[in-house]
Each structure stands twice: as structure tokens, then as C-alpha cells.
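One structure is given below, encoded as C-alpha cells.
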Amino acid sequence: MFSRKLKRMIVVLVVLLLVLSVGVIGIFLGFNYVVSQTDRFDTLAAEIKSKELVIDKDTPDAVMVVVDLGDDTAAIAKKLKENGLVDNTLMFTLLSKFNGFDGGYQVGTHFLTRKLSYDEMMYMLCQKPEVITITFPEGMTYTQIKQLLVKKGIKFDESVLDQEMNSPNLFVDYKFVSQVSVSAPRDFILNGYLFPDTYNFDINVSETEIIETFLRNMSTKLPDEYYARAQKIGMTMDQVMVLASIIQSETTNQQDMGFISAVFHNRLNSSDLSLQKLGSCATINFLREKDGLPRVWAATPSDELRDNPYNTYMYPGLPPGPICMPGIDAIYAALYPEPNTNIYYFCATGDGGTVFAATLEQQDANIALYRANWVDQPVTSVTPGAATPTP
């Protein structure tokens, strides 16, 4: 018979062998699971890359899931259950941690289907979210920007966006925003600062992020030397942006921009009060657009009598704020007008060009010469104004 001591040793040995066996089996099963998961994900990635598996807003039965900044796995699982994509949030959360997906979910809009397994959903949520690419041409107005955002399918609250455009205190970290003047009645305080360019927007981007996206780009376009130059010519950066917006609305020709800038600078610095009225048809068209009226080549008598501080035929100096979103060429032209010029007038030729004059008599002669070219020519946001400016 075995002694009691020997029996205990045999029991301990059997237990150790059982524990070791379970450990080996667990490692084997775990390794096989990881390999199978890796193979599954590699296959899924290959399908996505080859376009065999594409889930977007147009996919039949696609469900939109928005991962917000700060969402943890539990919050994401809750959203998936609310959309009928998963049945067990705890199981999703545990599998996410076990599979190593925690912390990898991408903020933004994703599209999933109920046919996907839990791990496939996790994989898809770790991919880059769907974005919409939009190009905003130079010279667009704020109204036109909103219209394009809507047309491209961006979901936002227009009233909230308008409110934030009038809340510069939300964006004071940007040097140019902190210098914006709000003393005069202004049509959307941040108008002019949504830099025209090509952007990628999440379909459910917040109103704040829409503005931030434009402003971040604008900050890269205004180096310190521009602020120094503005100070040298006796202007604030905000005044430069106002002038640049008018220049942008008058022409898209880079060379002409420098001369048009010279005309406006000469007028602003003139001792003749009548010349200080810039008389820009671009500002008239800005007001007409707000009233839902078509653009014109030349301001009508009734347009010139509009009692609005943006009417540069009635009020001297710069209007209270920018009238469009100027590009870098217009901003540069506002800062660096063509030097040594004695011009105070310009006139559109009707074919995209501009002619300049030093006297009113020369201006009247140019108008008589080119007026016929304006007839039946479409007037757009990139068409230079006509007989502008006049005293």
C-alpha cells in the first residue's frame, strides 16, 4: 500500500499535469483563434481593397453609425445596439478588448450592415470614416458656401453655423480672428475668413469643426510678414481682408489685382472725399445677392442709393466687413498694390479684362468703348464689375 505521503505527491503531480495540460490546450486554442482572426481580417482587408466589399450610404440596408470624439467601446456598443446592429453590448465590449480593437475606433461617420459579424464591425469601425471632398472656389460668399455644403450632403444646422459665424470669441486662438473689428454692423463677423480651398468633411461634421477647418487653413496663409506689411501701410489685417474680398470679387486676373488694389489704395488715401467712395459694383452685387436679386455689370441708380454701409457708392472708405472669401492672390494684392500708379478708375472690358484710367474723362471714354461688350454677358461671382469705381 502507498504511504500517505506518497499519495499526496501523486495527487499534486496529477493536479500539476492537469493544469499544465489545460494551459497548453488554452495556448493552442488561443493561437489558433488569433491566427483565424488574422486570416479573417486579412481577407476582409483584401476585399475592401479590391472593392469587393464596400459599405457606404448607397449600400442596400446600410446603417449609419457616428463615432463621436470621446466615445469609448461601451458607448459605441450602445449606438450599435440602438441601430439594431448588435444584440449584446457586453459581448461586443468584451470581444473588442480581447481582439485588441479598443482605442482603435475612428471618430467620424461609418456605414455598417446587419450581416457583418461583431469582429467585422470592429474592423470596419477602425477604418477611416467616410468623408466628402468639396472644393470651394475663390470669391465664394458665405451664402454660397452654405449652399454647396448642403448640395454635397453635409448635415449641419444652418442656424447654428450662422450663430457661430457671429461668435468670434469661440475662435480667438487664431491671431487674425482676435483682430476682427466688430464695432460696425457687420454681415457675419467671420465672413471672409473661410479660406477657399479643397477640404474633406465628415458627413456629420459639427458646425464648429466646419468653421475650424477653414480657419486652420487660413492661419497657414497669413504669415507674420503679412501682419507687419499691413501695419506698414497703415491697415489692420481685418481691413486688408475686407479690401482683398473686394479685389477678389472684381477680377480673377492676378496681374489686374495689383492694379485694382492700387486704384482702391489711391482712393482711400485721397484727400478728395468723393474719391474716397470706392464705388465698387462688387459691393452692390453683394447686397443684391442678399436680396435674392441677380448680379449686374454696372450698379443701377437705385442700387447706388441703397442706404447700407456695404454700399461703397454711398459710404466712403471700406465696408464694415469682407464681402466674399478671397484667395491668396487677392490678399497679396491688397497688401502689395502695384506701385507708382496714378490711377483712380477701372472698367471691365467684358471679356475678363480690365482697363484703368487716371481721370474721370478717361474713365467715361473707356465705358463708352466697352459698354456694348457687357450686354448679354453673364455676371458671376468671378466676373469683374463694370464701370467701377466712379465718384
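Any idea which of Gly317, Gly279 is at pLDDT 90 or above, buried (at least 20 other Cβ atoms within 10 Å of the Cβ) and at positive phi?
Gly279
State yes or no: is Phe101 outside any loop (DSSP other than H, G, I, E, B) and either hydrophobic (A, V, I, L, M, F, W, C) or in contact with a strand residue (DSSP E or B) (Cβ under 8 Å, 6 or more places away or on another chain) (or both)?
On the way: outside any loop (DSSP other than H, G, I, E, B): no; either hydrophobic (A, V, I, L, M, F, W, C) or in contact with a strand residue (DSSP E or B) (Cβ under 8 Å, 6 or more places away or on another chain) (or both): yes.
When the stated conditions are applied, Phe101 does not pass them.
Okay, residues lined up against (1) in a helix (DSSP H, G or I); (2) over 11 Å from the mean Cα position of the chain (by Cα):
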residue	(1), (2)
Val177	yes, yes
Arg186	no, yes
Leu190	no, yes
Phe195	no, no
Phe201	no, no
Leu215	yes, no
Met218	yes, no
Gln231	yes, yes
Gly234	no, yes
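Residues Val160, Val205, Val242, Val182: which one is part of a helix (DSSP H, G or I), outside the structural domain of Tyr313 (by TED's automatic domain parsing) and either within 20 Å of Tyr332 (Cβ to Cβ) or touching a helix residue (DSSP H, G or I) at 6+ places or on another chain (Cβ under 9 Å) (or both)? Give the steps one after another, and end with the answer.
Working: Val205 fails: part of a helix (DSSP H, G or I); Val242 fails: outside the structural domain of Tyr313 (by TED's automatic domain parsing); Val182 fails: part of a helix (DSSP H, G or I).
Val160 is the lone residue from the list that is part of a helix (DSSP H, G or I), outside the structural domain of Tyr313 (by TED's automatic domain parsing) and either within 20 Å of Tyr332 (Cβ to Cβ) or touching a helix residue (DSSP H, G or I) at 6+ places or on another chain (Cβ under 9 Å) (or both).
Which ones in region 300-311 are surrounded by 19 or more Cβ atoms within 10 Å (Cβ to Cβ) and in contact (Cβ under 8 Å) with a residue 40 or more places away in the chain?
The one that is surrounded by 19 or more Cβ atoms within 10 Å (Cβ to Cβ) and in contact (Cβ under 8 Å) with a residue 40 or more places away in the chain: Tyr310.
Could you grab me the full set of residues in region 257-280 that are touching a Lys or Arg at 6+ places or on another chain (Cβ under 9 Å) and assigned to a helix (DSSP H, G or I)?
Arg267
Exactly one condition in (1) farther than 23 Å from Tyr226 by Cα; (2) more than 24 Å from the chain's Cα centre (by Cα) is false for His265; which is it?
The failed condition is (1).
Conditions (1) closer than 26 Å to Glu207 by Cβ; (2) more than 31 Å from the chain's Cα centre (by Cα); (3) of a type in the set (Val, Ile, Thr), marked per residue:
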{"position": "Thr59", "(1), (2), (3)": "no, no, yes"}
{"position": "Val66", "(1), (2), (3)": "yes, no, yes"}
{"position": "Lys81", "(1), (2), (3)": "no, yes, no"}
{"position": "Tyr123", "(1), (2), (3)": "no, no, no"}
{"position": "Val131", "(1), (2), (3)": "yes, no, yes"}
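Looking only at region 348-375, count how many residues are under 34 Å from the mean Cα position of the chain (by Cα) and either assigned to a loop (DSSP other than H, G, I, E, B) or at pLDDT 90 or above (or both).
Residues that pass the stated criteria total 6.
Which of the residues belonging to region 76-127 are small (Gly, Ala, Ser), surrounded by 14 or more Cβ atoms within 10 Å (Cβ to Cβ) and within 22 Å of Asp56 (Cα to Cα)?
Ala77, Gly104, Gly108 - these are the residues of region 76-127 that are small (Gly, Ala, Ser), surrounded by 14 or more Cβ atoms within 10 Å (Cβ to Cβ) and within 22 Å of Asp56 (Cα to Cα).
List the residue pairs whose Cβ atoms are under 6 Å apart, where the first residue sits in region 177-205 and is more than 25 Å from Lys128 (Cα to Cα), the second is crowded, with 20+ Cβ neighbours inside 10 Å and polar (S, T, N, Q), and the two are 6 or more positions apart or on different chains.
Gly192/Ser245
Return the pair list, or none, for Cβ contacts closer than 8 Å from residues in region 208-236 that are over 16 Å from Ile331 (Cα atoms) to residues that are β-branched (Val, Ile, Thr), at least 6 apart or on different chains.
Sorted first by the residue in region 208-236, then by its partner, the pairs are Ile210/Ile154; Thr213/Val205.
Given the condition of a type in the set (Gly, Ala, Ser), surrounded by 21 or more Cβ atoms within 10 Å (Cβ to Cβ) and within 22 Å of the chain's Cα centre (by Cα), answer yes or no: does some residue in region 240-247 qualify?
yes
Kindly provide the set of residues from region 121-140 that are at pLDDT 90 or above and in contact with a Lys or Arg (Cβ under 8 Å, 6 or more places away or on another chain), ordered by number.
Ile132, Ile134
The values are calculated or read from the model by the stated rules, or taken from the named source; none is laboratory data. All values derive from a computational prediction rather than experimental measurement. Glycine also receives a Cβ, built like all others from the backbone with ideal geometry; neighbour counts cover every protein chain displayed.
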